[in-house]
Amino acid sequence: MTTYIMEHPATLLPNRSPQLRDVMDLDFRRLGKLLTGWRPQYEDDFQVISHPSQVHRLFMQHKPKRVALDLETGATGQVDMCGLAVSQSCARLFALPDPEGLDALWKAIEACKAEVIVHYGEGIEMGWLLDQFPAGPPFVVHDLHKLFHAWDPEYASAGRDKEDRRAGGGSGALAFIQSLYTWRPYHKHLLAAAKGDFGKKAHYCQLDCVVTWEAFHRVEEQCRQEQPAAYQAYLRDAVPLLPIVVQAGRRGWTVGRVAFESRRDVLQADVRNQAAALVLTYGDGIRPKGKKAKTQVSTHGIKKVLAERGIKLPTERGDDGKVKTTLKREARQKLLTKYPELADLDAYWSTQDILSDCYKDIIGKDGKCHASWSGYLTSWRWRCTKPNIAQWPEAERHVFQAAPGMVLVQFDTSAGEYRWFAGESADPALLAVFRAYDTSGLPTEHPHVANTSTLFAVGREKAAHWKSSSVPIEKAKYTFSKNYIFRLMYSYEGGIDELRATAAKAGLKFSRKDIAAFDKTWFAKYPVAAEWRERQARMVLRLRMVKCREWGYIRRLHGQDEAKIKNVALNFPMQAGIAGLVNRTVRETWRQWKAVPLANMHDGLVYEVPAAQLDEFRVWVKSNMEQPLVTLGGLVIPVDVKTGMHWGRGLK
């Protein structure tokens, strides 16, 4: 009988960094002695399949309910090995191509009604399975990484991916997770050591399979026993969403090449002109020295010039522990808040950021952008990279368009996280604000207009006028009020610096005392919400874990300071809440329509549908998203729908 580890092994490590992954066999055996529980003696049965009949005998002997699958690629990037584990010690390997062997495997899985485990679905395994089964695999596919994420999203994002891949051919956080939940020594270095040796590579592949099988079942038992709601969230959301997430990237989104190249040319001209103006202002010292420089202005040069002018540059601590000045994006925002006279630099940086983020070679041979979608961030939001469509600037979205005969449909939650905050806190006055606006639709009843009226002690009519005013200081007061509310939802005590820029534009004094006065005013208006913030922060600080009750999502807080824990205590329920609503919509829309989203913007979705199905589709999805939320007292979050042929401002 297997005894599972019921204490988080990561708590035995000296810190969050998985440094022990890089040590050798002997050191991991020492680590194993620290862990409580039964240590199995592995009697490995690893074989290479030479005849399909061996597959049948394997399944008849073990009758597995779960099998772990792992793939390896050759020098050309093509899959050349398929490993299969039916237990923590028994594995087989197919040297590909082997159509007869794979056919026997699929039949055996079907006959045993077995489920398949992969270590990371967005790697090559799920895409390969979709190549084998274009309509979707006829069996359940589990994902070790997603299961671990459901149980502990903080550690699911741990690991040093670049170093691990370069040094040992491993997979960062996944290698860390695997090493925590097996008594075997760390094995990722074996792949790099194989260097084309079939036998060594086959051994590594099968070893990876049995480790994945063992780790999955250990994590599953731990999650099921300790956090049953999180385990149900994994089964409900992560498992069915896995093939959808992978297909979202494979499908891609049509990009108008003419519009893309035209806009890129305009931005490149703007950067050159802005850089030329900066040289006149700051001198030739900011010109890049190399002929192959990627930017028009030297970061080193601008740092030197600013320092000489007495401007204190932001700093950061590097991996080597040394503190250095930095002009990374977040640092630049803080710098500009403190020194508004650097607006010309801000304009250059903003244009350069748009070029580097949005106008690289994102168009594939099929005329589409194939972003890399994966799951999940700590709040169960989808992750998007290469490029990050989820945070594409509004002004640059027009380059994405619908394919011929299709229409784009965008669904956005209306003040979703703010409404979730109202429902979570159950403040009757705050809920009444949303009901009044949803009932009347009047500009004077808009929630952010109501906040502006409260914070600045003006009438609703004046606050509504500020919302659409062309007078900068009036518009800035409305914007400040809106940003202030998000600061209350996302930060317990901090977040004040983010208000500095809009406060200055609104002509406000800015100090902690001034913000405290706004807090006093708002808390007096909504005392129940204020009390919820205090209660929620205290509870999470004590438990070191925060939950989203509606979906069963959890986030454990390892090694965070008190201020960070209190902030996460407030923002996680809202962020995870809207993410869960979006995940449910994606899941149900796939089940009903077999439709994959083009984009998941955290609080909204974009789909592409045939023009003939547009009306029925948008009504169905809107209705699905607007279902009452049980733990929030039946609260419904309204959804805005826009359609059109071009994304962004082209949608109406």
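The values are calculated or read from the model by the stated rules, or taken from the named source; none is laboratory data. Treat the numbers as computed from the prediction; the structure is a model and nothing was measured. All Cβ positions, even for glycine, are placed from backbone atoms using ideal geometry, and neighbour counts span all protein chains on display. To get the accessible areas, we keep the full protein, side chains included, count just its heavy atoms, and leave off ligands, DNA and RNA. Shrake-Rupley method; radii C 1.70, N 1.55, O 1.52, S 1.80 Å.
Applying the Karplus relation 6.51 cos²θ - 1.76 cosθ + 1.60 with θ = phi - 60° to segment 221-238 yields 3J(HN,Hα) values of 5, 5, 5, 4, 7, 8, 9, x, 5, 5, 5, 5, 5, 4, 5, 6, 10, 5 Hz, where x marks Gly and Pro.
Taking amide hydrogens as placed 1.01 Å from N in the peptide plane, the amide H of D80 sits under 5 Å from those of E72, T73, G74, each at least 5 positions away in sequence or on another chain. Taking the longest Cα principal axis of the chain as reference, the axis of helix 562-593 is set at about 70 degrees. Per-residue Karplus couplings for segment 634-645, computed as 6.51 cos²θ - 1.76 cosθ + 1.60 with θ equal to phi - 60°, are listed in order as x, 4, 10, 9, x, 10, 8, 10, 10, 9, x, 9 Hz, Gly and Pro entered as x. Using C-alpha pairs under 8 Å with a sequence gap of at least 6, the mean separation divided by the residue count of the chain gives a relative contact order of 13 percent. Helices in the chain, meaning DSSP H runs of at least 4 residues, each add -39500 (n - 2.57). Divided by all residues, the mean residue ellipticity at 222 nm is -16000 deg cm²/dmol.
Expressed per residue, the C-alpha convex hull volume of the chain stands at 187 Å³.
Surface composition of the chain: carbon and sulfur atoms hold 52% of the protein heavy-atom accessible area at a 1.4 Å probe. Rolling a 1.4 Å probe over the heavy atoms of the protein chains gives segment 313-407 an accessible area of 53 Å² per residue. Per-residue accessible area (protein heavy atoms, 1.4 Å probe) orders W620, W183, W420 as W620, W183, W420, starting from the largest. A crude spin-label estimate for the pair A517 and K462, with each label 7 Å from Cα along the Cβ direction, gives 1.5 nm. For segment 219-260, the dipole from Cβ point charges (+1 on Lys and Arg, -1 on Asp and Glu) about the Cα centre works out to 440 debye, to the nearest 20. When peptides 296-303, 448-455, 141-148, 365-372 are ranked by their average number of other Cβ atoms within 10 Å per residue, the highest-first order is 141-148, 448-455, 296-303, 365-372.
Between amide H atoms placed 1.01 Å from N, distances below 5 Å from L598 occur with V606, Y607, E608, all of them 5 or more places distant or on a separate chain. A full extension of the chain between D346 and A193 corresponds to an added length of 50.2 nm, given 0.36 nm per residue minus the alpha carbon distance. Under the simplified labelling scheme, the A111-K200 pair shows an inter-label distance of 3.7 nm, with each label point 7 Å from Cα along Cα→Cβ. With θ taken as phi - 60° and the Karplus curve 6.51 cos²θ - 1.76 cosθ + 1.60 applied, the whole-hertz 3J(HN,Hα) list for segment 408-413 is 7, 10, 10, 10, 10, 5 Hz, x standing for glycine and proline. Computed from label points 7 Å out along Cα-Cβ, the spacing between K312 and R649 is 4.0 nm.
Remark: relative contact order (segment 501-630) = 15 percent; criterion is Cα-Cα distance under 8 angstrom and separation of 6 or more residues.
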